[in-house]
Amino acid sequence: MNDRANTHYDSFRHTCWTQLLRRSWRIALGTSIVILMSGPVRGQTPQPLQHLWEVQPNLGDIWTPSTQSYSTFIDFNDLLSDLPRVRLDTARSICMNADRPGFGDKAKAMERLMTALQRSDESILTRGTMISAACVVDDGTHAQQIWDLSRNDSEASQEVQKGLIRWKSKAAIEHWRTVVRTPSSPAVLMRLAIEGLGECGTSEDSKTLTELLESESTPIDQRLLAASALGKLNRTGLTSLARKYWESSLPERDIVTVALLSQHADDDSLALVRAVHERGSSPSKRMAAECLTKHSQSIAEEFAPEWLRDPDSYYRALALQVASTGDSMKAIDVARTMLRDDEDRLRRTARRHLHELASGHRENIDALIEQELGGNDWRSIEQSIILIAELKDSRLCEQLLELLDHPQAEVHMHAAWALRDLSESDSIVDRIYEKAMQLTDSLENQTKQFGKSDTIMLSLLLETFGRHKYEPAYKMLTRYVPKNDYKMGNLSRASAIWSIGQIKKEVDDAELRASLRERIKDLPPDRPENYLVRFNCILALGEFGFKDSQEVVDQYSGSPPFPLGHAGDWAREQFKNSSK
């Protein structure tokens, strides 16, 4: 839907050369509602549809669930244990945890692994596991040592070779040369050797790879890999060979042609790549388009209009990339077209391009935005709203007010979010208040069916009054405090209470504090008070700073890492620093 989807509702709608060559918010908290999260809160910069109570006060990134497992504690000295089982388990733990945060000192891990691998009595299983561990921990510094230790173990050596290719290490280059020159080499070793020469070889390996490519006995997968390896090793000199393949009737001739010319930028080579793009198979056309984009802006610009209309989003993304490096006015036109794209990722990319172009073409971007806001495509309207918020352009608040009645969820939610952050004049805030009053009356009297997007829109509008400390809205906001069978919407109630905390920050209102404390304590076995409402009640009491609320906060907030615990810690700090 956008760069950061709202964290409190279900989303409404929301090449690789090797692949081509091979061809072939949140968890439920207690008894509270389930809140789903589809994107992280990045720091404290407001993101699309982000609530102000997520970032004010700054409690850190408390709403992002941990999707990354942390490393378990590993004592690397256990690699030197006298107990074989301990050594094996430690090596296994390193394999499973090396890429996780909190793993520990990788240099120390490598030092212990290299020492442990010197044992002459180690079992094949443990030794192989230690070698695998070294491959995932090392950065190539110990490449030669790891290769020397593994080369006599067929399984371990294959794992190490993958690491050497990743590190672009020449440690196994003589082995790879021998394998490629031996027709009887097993297929799995041949593939590794070809890839290794492609990454680490020298000009002397081109002859060997060419012979492999042209041999009638070479299987098609190895032929394609050989072509790719040759293309990586040579920036010139393969045009004749590529033309020979292109003019033949050999299988996958188009892919071989482009793979050979992947780094060639001369006119003859580009003409061949162009021919593949126009007449080749689908995989080869993709490869050719990428090659043309990399080496010829003029040819890529020629194809860009065709790519922009292609059903394959890969080409549309390429057209946007080409436009971004060319004439600015053409780039604006292409990005504008992409604001309507069916794929959300491309719409976001187009908006980012327009944001970048605004620094030098602000008048053009402003005119574009104004036209798109008045258009009929909700996708373009949504991205335009986000763009004016990013540009902090408050001139179009009148149009945003009109978009609050737009039938598309993405539009009216983003319009409310942008209005909350862009509204500055009293007249606009007054208009927002009128709209919020209408929605509040409809909620309370049940005269309008509220969907999720309506509740989100309303919650964002209500936060406007807290941002401006807009006193006239206070009485309306208090209508959201009682549980009232939840009919006022829990998300809108949470935002209303946050705004109350901002508006009444300097007021001594014992009755108000008591009503908020009741919301925090309302935890019967069935139908307890909503978690987000309780969270914002704690924040509001912290804003007030009166110590008569500390007992309830201490008793009902719990502890981090739960959001309620973070809110409680913050509120206690406010009580501590207050004399109220």
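The values are calculated or read from the model by the stated rules, or taken from the named source; none is laboratory data. This structure is a prediction, so every number in the text was calculated from the model and none was measured. Cβ coordinates were reconstructed from backbone atoms using ideal geometry, including for glycine residues, and neighbour counts include every protein chain displayed.
The rows are residues; the columns are (1) among the β-branched types (V, I, T); (2) over 22 Å from L357 (Cα atoms); (3) surrounded by 22 or more Cβ atoms within 10 Å (Cβ to Cβ).
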residue	(1), (2), (3)
E278	no, yes, no
S281	no, yes, no
A289	no, yes, yes
T293	yes, no, no
E301	no, no, no
P305	no, no, no
P311	no, yes, no
L318	no, no, yes
Q321	no, no, no
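Yes or no, residue by residue, for (1) modelled with pLDDT under 95; (2) of a type in the set (A, V, I, L, M); (3) touching a Phe, Trp or Tyr at 6+ places or on another chain (Cβ under 8 Å); (4) under 27 Å from K504 (Cβ atoms):
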| site | (1), (2), (3), (4) |
| --- | --- |
| L400 | no, yes, no, no |
| L419 | no, yes, no, yes |
| D430 | no, no, no, yes |
| A436 | no, yes, yes, yes |
| M457 | no, yes, no, yes |
| L461 | no, yes, no, yes |
| Y470 | no, no, yes, yes |
| R479 | no, no, no, yes |
| K487 | yes, no, no, yes |
For the stretch 119-138, state whether one or more residues are assigned to a loop (DSSP other than H, G, I, E, B), out of contact with any strand residue (DSSP E or B) (no Cβ under 7 Å at 6 or more places or on another chain) and over 23 Å from Q161 (Cα atoms).
yes
Of the criteria (1) within 35 Å of the chain's Cα centre (by Cα); (2) under 17 Å from A494 (Cα atoms); (3) buried (at least 18 other Cβ atoms within 10 Å of the Cβ), which one W570 fails
(2)
Just for the stretch 528-567: of the residues that are among the charged types (D, E, K, R) and in a helix (DSSP H, G or I), which one is surrounded by the most Cβ atoms within 10 Å (Cβ to Cβ)?
R534
Out of (1) of a type in the set (D, E, K, R); (2) closer than 30 Å to T349 by Cα; (3) in contact with a Ser or Thr (Cβ under 6 Å, 6 or more places away or on another chain), the one D405 does not meet is (3)
